[in-house]
Amino acid sequence: MEPIIRLQDVQFEYLSFEGEEIAALNGVTLDIQKGEFVVIIGHNGSGKSTLAKHLNALLRPSSGVVWIKGMDTRDEDKLWEIRQTAGMVFQNPDNQLVATIVEEDVAFGPENLGLPPEEIRRRVNEALKAVGMEEYAQAAPHYLSGGQKQRVAIAGILAMKPEIIVLDEPTAMLDPVGRREVMETVKYLNRHEGITVVHITHYMEEAVDADRVIVMEQGKIVLQGTPRQVFSQVEVLKEIGLDVPQVTELAYRLKAEGLDIPLDVLKVEEMVEAICRL
Amino acid sequence: MPIIVEHLTHVYMPGSPFESLALDDVSFEIKDGEFIGLIGHTGSGKSTLVQHLNGLLKPTSGRIVVDDIEITSTSKVPKRLRQHVGLVFQYPEHQLFEETVYQDIAFGPRNLNLPEGEVERRVREAMALVGLDFEAIKDRSPFEISGGQRRRVAIAGVLAMEPSILILDEPTAGLDPKGRDEILSQIKNLHEQRGMTIILVSHSMEDIARLVDRIIVMNRGKIALVGKPEEVFSCVEELHAMGLGIPQITQVMRGLKARGMDVPDNIYTVDQAVKVILERIRGKKNA
Amino acid sequence: MLKDITIGQFFPGESVIHKLDPRVKIVLTFAFIVIIFFVKTYVGYGLIFAYIALAVRLSKVPMRYIVRGLKPLLFIIVLTFFINVFFTPGNKVLFRVWAFKFTQEGLNQGIFMTLRLALLVVGTSLLTLTTSPISLTDGIERLLQPLRVIKFPAHELAMMMTIALRFIPTLLEETDKIMKAQMARGADFESGNLFQRAKALVPLLVPLFISAFRRADELAMAMESRCYRGGQNRTRMKILKATKRDYVAVAVTVLLIAAILLDSYVL
């Protein structure tokens, strides 16, 4: 099957403050299948956010090609169709809500698409329900918690009926409760609505349930695979300054001490099980 | 100098329809040179609490004593309190405004009317404390350096006031693991080498567990739990009810204990866990 | 401080007045403001007073909210009263105090002006108290729509108002935070002469502007990624439709205007 997202040797350069050319993306080739839940990790400046903005045609490659559902992002005529296909949620929950009432904000996207009012109303109600915010339809955004605001932002994207949702560090500014809310919403949308998810983060815990984890460093993909495959590479991850979950680190350390512990431990229960089996 | 808080209550916008009780009869003491972790989810009252400690907010009732300075609902806050108690807000880089890094860090000392020589000494020292290279960065604009550096410039701006108590509200929010570890190790140094009293507000149980002497857990404007990390992390049910978790390692230890293994359940770092598990496993094999 | 201002504040509710079409409410408020400057008799004021009292009653907004809107303007209202009392030329002297004389004309004029100001404030606050900012902007956008013919940017104006309304609370919160952060570094916003105080604002205003620009930048990107491309081809979820109650409100107001004009200029 044709991958829904396809990047072919994508390069992206920009000028820094000092006027030097910096390669934010340095030859990224990547296929993402419909319905996949992909998590991209990497530290600040690794190019992960630049990559995200390419998926929504907010940025276009300096060289190489990005196809979203077969549409080349350099094609001006397809711009709006691409943006509707791949919706985007940003880091700061405050700076992406436009309207003073939750439901009006969710309606913003469909209104831009020029849909008839009854259809917008139907979509808004559905989207708010999908993120569990229907009680807050009439609330003002600034009375909501960070996690709730992000869910409203997600609903705003959902109401445009996208096939892909790209989330650019949506949890970076949230507390643990807010992070959990957002992650549960995202997983729900992937599993039950079949939406392809590209989730960008530097919290490793959020990658545990992904279908695929991609590690970026200096504009390149340095590691990819299932969460188990990626997290078992403790040394590589540490070298590029990324964290591994405490249990994975524990497994790594115990293994180094000569114990027979699998390296791909991701969850507390698995760790307990592995130690008890010794 | 110790901090004493007695029956501190704070009500926001009293008498309006938006009236809310942010702090409800809070009492505690912090000893000289202690490293305190302050935990609680958003809206638990921790930000309101720390703003009282340097007089940015005044109690509705109750009192706070820092050194010999007493603050009650009626007292006038002396300027020197702000100097004694340094407060680093969340996302402190949002307060930078000067043309150069040097000027920005010098803002605090200049407000204290210090001679220029002393200002420079303090700027140099503050930059060294947060690991910034004075010569390389002093004349650059704070808006063209990296996010992690900006955060450190902002922290240096508070350190240049030479406070003896330093409060940091989520100093690692939004930073990546590398930036986070750098900042946390510098804070640890301030505590160990300078003997500063530190109050670290954080959501991360793992970070808190690694660093602090004592934890204060806030919930709905009250102090819910106080104690050493191992004491606080043993109250799993209470923490869970407040929407807070415990470090993964502590969860593993509790899991092992539930399965009948003789391990302490008050362990919260990977190092401790490795040691204990190795002892048990090797002990079992030798027996 | 800033939170005490009621003009522009919205009091959520389900009353008849809340449910009126915002376009109708805006037009009626304008008509109301104009007509209070045409009233010349106490009977006329009686009618207007009855009209606004009925509207307040129907809106179910507590009286204290309405009164609170008047408070910040109390000084101006009292001043207007005295200025008019003392400086209106007249012959029917009622009594004198020192160099001032109180005339019947002056007193009338003073009372009229005071009433006008108070009614003006009550009328406009009632509009904002019963109309959510978003429907207010909607109403304005649609009322201005015909002006598009002469290239008037009705949609852009409304979008700007919406965004401003959305970000006012956020920026107020941010101001408070930056102010406190600078105070923690020994900044003093409260003492000194005017010049020193103005200078003390730099550490507050610079970060605030930077943050506002950053927000604007991010918001623009978020809007673009949600397919915003100006007012062209854009539809709206909520359509404004005048109903029976709107016609009744218009009819009542027209009757009031007729009665007042009749009373003040014909009889």
Any chance the stretch A:223-234 includes a residue that's among the aliphatic types (A, V, I, L, M), within 20 Å of the chain's Cα centre (by Cα) and not in a strand (DSSP E or B)? yes
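Conditions tested, residue by residue: (1) free of Cβ contacts under 8 Å to residues at least 24 places away in the same chain; (2) more than 24 Å from B:ARG82 (Cα to Cα).
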residue	(1), (2)
C:GLN182	yes, no
C:LEU208	no, no
C:TYR228	yes, yes
C:LEU240	no, yes
C:LEU255	yes, yes
Counting only residues in the stretch A:242-251 that are in a helix (DSSP H, G or I) and facing another protein chain (nearest Cβ under 9 Å), the one farthest from the chain's Cα centre (by Cα) is identified as A:LEU250
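Restrict the check to the stretch B:81-98 and report whether at least one residue is assigned to a strand (DSSP E or B) and more than 11 Å from chain C (Cβ to nearest Cβ).
no
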How many residues, within the stretch A:215-236, are within 20 Å of A:LEU51 (Cα to Cα) and within 14 Å of chain B (Cβ to nearest Cβ)? 4
So which residues in the stretch C:38-55 are under 11 Å from C:ILE260 (Cα atoms) and surrounded by fewer than 16 Cβ atoms within 10 Å (Cβ to Cβ)? C:PHE38, C:LYS40, C:THR41, C:TYR42, C:VAL43, C:GLY46
Whichever residue in the stretch B:132-176 is crowded, with 24+ Cβ neighbours inside 10 Å and of a type in the set (Lys, Arg) and, among such residues, is farthest from C:VAL206 (Cα to Cα): B:ARG152
Test each condition in (1) within 14 Å of chain C (Cβ to nearest Cβ); (2) outside any loop (DSSP other than H, G, I, E, B); (3) crowded, with 19+ Cβ neighbours inside 10 Å for B:ILE64 and report the one that comes out false. (1)
If you go through B:SER20, B:SER44, the only one that is hydroxyl-bearing (Ser, Thr, Tyr) and more than 14 Å from chain C (Cβ to nearest Cβ) is B:SER44
Would you confirm whether any residue within the stretch C:242-258 is within 27 Å of A:ARG122 (Cβ to Cβ) and modelled with pLDDT under 90? yes
Output for Cβ contacts, cut-off 8 Å, separation at least six or different chains, first residue free of Cβ contacts under 8 Å to residues at least 24 places away in the same chain in the stretch C:103-132, second surrounded by 20 or more Cβ atoms within 10 Å (Cβ to Cβ), reads C:GLY106/C:VAL85; C:LEU107/C:VAL85
Filter result (more than 18 Å from C:ALA242 (Cβ to Cβ) and part of a helix (DSSP H, G or I)) within the stretch C:138-158: C:LEU147, C:ARG148, C:VAL149, C:ILE150, C:ALA154, C:HIS155, C:GLU156, C:LEU157, C:ALA158
Can you tell me how many residues within the stretch B:105-126 are within 23 Å of the chain's Cα centre (by Cα) and at the interface with chain C (Cβ under 9 Å from one of its Cβ atoms)? 3
Output the helices (runs of 4 or more DSSP H) that fall wholly within the stretch B:228-287 and possess 1 or more residues being at the interface with chain A (Cβ under 9 Å from one of its Cβ atoms), or say none. B:248-258, B:270-286
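The values are calculated or read from the model by the stated rules, or taken from the named source; none is laboratory data. Keep in mind that what you see is a predicted model, and the values were worked out from it rather than measured. Note: ideal-geometry Cβ built from the backbone for every residue, glycine included; neighbour counts use all protein chains shown.
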